[in-house]
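Inspection log for the structure reproduced underneath, given as structure tokens.
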Amino acid sequence: MGKIGVLNLCLSLFLLNLQSLARGDSHVVTEFNATEDSKLYRGLVLQNDLEVVLISDSNKHHKAAASLIVSDGFMEDPPQLEGLSHLLEHLLIIQSVKYPEINSLYKFILENDGTMQATTYCDRVEYHFNVTAAKLFPALDIFSQLFIAPLFTESGIEKEVRVVNIEAQHYSEANSFDRLKISKILYADGHPVTRFSGGDLTTLWTNPKLHGINLTSELKNHFKTYYSANLMKLVVSGSQDLDILQNKVAEMFGQIANHNVTRPSYPDPIKPENGSIYKAEILPNFLRKVEDDMLLMDFSFYTDDYINVSLLRQGYLKPLLEYDREGSLINILQNEGLIIDLKMESVNIPSFSKFAELYISIRLTRDGLLNYEDVICRIFQFFNNLEIFGLQDWYWKDSIKNVKTKLSQGVADQVQLVSSISGWIHHLPIQKAINSWYHTNFDPYNNNTWNLILAKLTPKHLRIKVSGIAVVQNKTILVDRVSGVEYYVDTVHSDIANKWMKCRFCNESHNFTLPVQPTVEVDEEFPLFKERQLNSSLSTISFIRYSYCDSSWAKLEIYSPFSYIDPRSAALNSILFHSLKRVLNRVLISDPEITLNSMVQNKNWIGDFMPLVVDFEKPFLISGSKELLSKEIVKQRFVDIPAGSAWLYSQNGVNFHKTSCAKVYLFHISKNDWDNDLIQLTKLMMKAEALNRLRTNETLGYRVFTETYFLNKRTSCVSIAVDSLKDPYFVAERIHSFLRDFAESLKNMTEEHLSTTISTHQSLNYLKNETGANEFIQFYEELIGLREGQTRRLTIITPSVEYATKEYSKADELSLNSTYIKNFDDWKKTLKLQEEKFT
Ligand SMILES: [Zn+2]
């Protein structure tokens, strides 16, 4: 399933050469420069028919980046080998004939300050990476070889099938919020889009063995069929000029074979329309009940106007719906106690010629679930108001202004840029794609676009999925083969449908008004946002307040290592964090540093505002751009964690869920900036090794994260987390064992290797020419406790339970909401006082 990521830039664009020019064997289709981001763009087709967009980016602070998309998604899997294209993605990324060492690319990228990612969708696989600008060409060489001559070894295949299987279990068990699983329910029966996208041990190993299918030769065949240059699109952004980029890219990627394959196409995937509104009601038998009270409203578009669908998602409609301010849809529905959260997204699938979807996903309260038809009515009333009040273009202008600031600060992400352009050229012919990308990003909104989109937001184009519904009478219960979800499909009764039509098409506005332009000049378009590692059994919730004007920030993170163990805790967590988000969004309009001062100076802040956090002894931390926290304060911020100890929670008499998490933190109390750089260097040195050993060799789990945290200028931290099916105590021990062995392996490190690593990372300002191998080894040994030093270690282990059995009541929800909102009102007063003091 694909969405187009679109980078929201505002640039003026000059088309230089619309006529085709020939350069070498490549064929240049278009070329332009965009003055405000000082980048040059060129679209070309290589002699093997590979379509390429090159971006020459002279900003020396930017990394280089590349994105390659191939039209081979899980819809192309042979029916008897579900998950094949996903497995192929895993295999390609690990080795090639020219670079046979396992994870060569990954290792190279990580050692050179980069990140990479590969994902299989229904109609394509996407490969993206970024890397320090000086290392673009060596990285591209390793990257291109994956597609020119991959290496398929029996042991590699067996290992990656196991990794894919862990991934499948992980997703099926840890995340009931998985929209794909749910939304597939209303697709036409037997359509390839309903296939098991990822595959597992059964589809990729056991069944093929049973039926005498040779997996290796199927993989090779599949590669030969679909990894054809004419089915690929490439975008590269680098610091070199366009001609140099073109020569190198043509030399490397020109070697990819072109089999002139016709791109597969499919019938549209939805059930035939007969004028009824389809709904699927999903039974609440999921893992965590509280996460499952969901409503998905899905509007189908039959249009080739992908541009407008994307436009709408990124800029205009989205803030009106989901930014938390007076008069927005989310605000209206939250104030009525009907919903917890609301998001809007769009999906375009190029393999279905004119089909696109736009959906709104809503987490309902109990009231909202019981009255979801009224929630839908409210939403149609809101759309009706939008039509009556017309286009309010201050939203768009505000958004442009903020993006400009962001752009001038150099915050724009290079991976996002290359992947958004590759998304467009995957959809459309290169010239048209670039034009569309341009229009989406740079054209002002107009009433035609607006009306075209509104015309689709009607009950006629609606499909509904609601989960959390318990009462079922006289319905045929179906079970989704892939996700195990139990559900039934029905059509909406005509009385209800008529009521919705009345809400949507009414000559006068309903009794609420649209948001108005705020009078205060604050960065309101960058509201506090909430991150949840829903896919991990260790949940982290963070609130970040960032100002793009002066790069100041304040962050609050709360770890909940046992949210999955006790369903009541999970339920309360959920309410707590949503209440927090709501209130913080409303009160924290002042700048991040004032927020940070307030959080830190009021030492009982956490206790006052979040008694639940303290009651449950959740570790939390506050960080920010200003040096505010002394050692003591940091200690207080970590609740009850003695130095070097493990902090555990486990419970007898419950069935443990199959996914657990072990996370080891190594904190370092720094004396200076030099120390902080050493923490960063530690992560860079061990990230690839950790992945190699814990994920690939020991196959402990699919997700292995190595991260650094800078709590303030004096305290920094490096951590390794592994999500696993194995016993978390065992996993924690394996992480510790890795950390010890890594100390041993460092003894063989050459001075040259160390200085190369340091010099390729622009951020390591303080280490240049200042650090030798011995100093680094000594630092590392202190960090892991082999030597006396200023460090503290923390191990968090999370077993999880099979399913939730306890209920939380409406009364719990209400009392929590009011408690927190009351507390935050008090805090808001404190904040106001502080604001006066500081400004
Ligand atoms: Zn995967």
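The values are calculated or read from the model by the stated rules, or taken from the named source; none is laboratory data. Not measured: the values here are computed from a predicted model. Ideal geometry is used to build each Cβ from the backbone, glycine not excepted, and the neighbour counts take in all protein chains shown.
Just checking, which of Asn207, Asn258, Asn221, Asn214 is among the polar types (S, T, N, Q), more than 16 Å from the ligand (Cβ to nearest atom) and in contact with a helix residue (DSSP H, G or I) (Cβ under 6 Å, 6 or more places away or on another chain)? Within the list Asn207, Asn258, Asn221, Asn214, the selection yields Asn258. Output the residues belonging to segment 673-699 that are away from the ligand (no atom under 16 Å from the Cβ) and not in a helix (DSSP H, G or I). Selection gives Glu698 alone. When segment 714-756 is filtered for residues that are part of a helix (DSSP H, G or I), of a type in the set (Asp, Glu) and closer than 30 Å to Val164 by Cβ, the ones remaining, listed by number, are Glu733, Asp741.
Scanning segment 219-244 for residues that are buried (at least 22 other Cβ atoms within 10 Å of the Cβ) and either outside the structural domain of Phe137 (by TED's automatic domain parsing) or not in a helix (DSSP H, G or I) (or both) gives Tyr227, Ser228, Met232, Lys233, Leu234, Val235, Val236, Ser237, Gly238. Set side by side, the residues Ser56, Ser67, Ser155 differ, and just one is more than 16 Å from the ligand (Cβ to nearest atom), in a strand (DSSP E or B) and more than 18 Å from Glu251 (Cβ to Cβ), which is Ser67. Residue pairs whose Cβ atoms lie under 7 Å apart, sitting 6 or more positions apart in sequence or on different chains, and linking a residue in segment 738-766 that is within 25 Å of Ala721 (Cβ to Cβ) to a partner that is surrounded by fewer than 16 Cβ atoms within 10 Å (Cβ to Cβ), are Ala743/Leu786. Number of residues in segment 218-235 that are charged (D, E, K, R) and within 13 Å of Leu92 (Cα to Cα): the value is 2. All conditions but one from (1) within 16 Å of the ligand (Cβ to nearest atom); (2) in contact with a strand residue (DSSP E or B) (Cβ under 9 Å, 6 or more places away or on another chain); (3) more than 17 Å from Lys159 (Cα to Cα) apply to Leu92; the one that does not is (3). Residues of segment 64-88 that are within 23 Å of Leu110 (Cβ to Cβ) and under 20 Å from the mean Cα position of the chain (by Cα): Ala65, Ala66, Ser67, Leu68, Ile69, His86.
Filtered by the rule that a residue be touching a residue at least 12 places away in the same chain (Cβ under 8 Å) and either assigned to a helix (DSSP H, G or I) or surrounded by 13 or more Cβ atoms within 10 Å (Cβ to Cβ) (or both), segment 767-781 gives Leu767, Thr771, Ala773, Phe776, Ile777, Phe779, Tyr780, Glu781.
Regarding segment 132-146, can at least one residue be identified that is in contact with a Lys or Arg (Cβ under 9 Å, 6 or more places away or on another chain), within 24 Å of His222 (Cβ to Cβ) and within 16 Å of the ligand (Cβ to nearest atom)? No, segment 132-146 contains no residue that is in contact with a Lys or Arg (Cβ under 9 Å, 6 or more places away or on another chain), within 24 Å of His222 (Cβ to Cβ) and within 16 Å of the ligand (Cβ to nearest atom). Per the conditions (1) out of contact with any Phe, Trp or Tyr (no Cβ under 6 Å at 6 or more places or on another chain); (2) part of a helix (DSSP H, G or I); (3) modelled with pLDDT of 90 or more, the sole criterion not satisfied by Glu173 is (3). When segment 96-120 is limited to residues that are within 16 Å of the ligand (Cβ to nearest atom) and buried (at least 21 other Cβ atoms within 10 Å of the Cβ), the one that is modelled with the lowest pLDDT turns out to be Tyr106.
The sole residue among Thr216, Thr262, Thr202 that is part of a helix (DSSP H, G or I) and either free of Cβ contacts under 8 Å to residues at least 60 places away in the same chain or among the small types (Gly, Ala, Ser) (or both) is Thr202. Taken together, the residues in segment 121-156 that are among the charged types (D, E, K, R) and either free of Cβ contacts under 8 Å to residues at least 40 places away in the same chain or buried (at least 20 other Cβ atoms within 10 Å of the Cβ) (or both) amount to 3.
Results for (1) at pLDDT 75 or above; (2) within 15 Å of Phe738 (Cβ to Cβ), shown as yes or no for each residue.
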| position | (1), (2) |
| --- | --- |
| Lys663 | yes, yes |
| Asn676 | yes, no |
| Glu689 | yes, yes |
| Tyr702 | no, no |
| Tyr709 | no, no |
| Asn712 | no, no |
| Val718 | yes, yes |
| Ala721 | yes, yes |
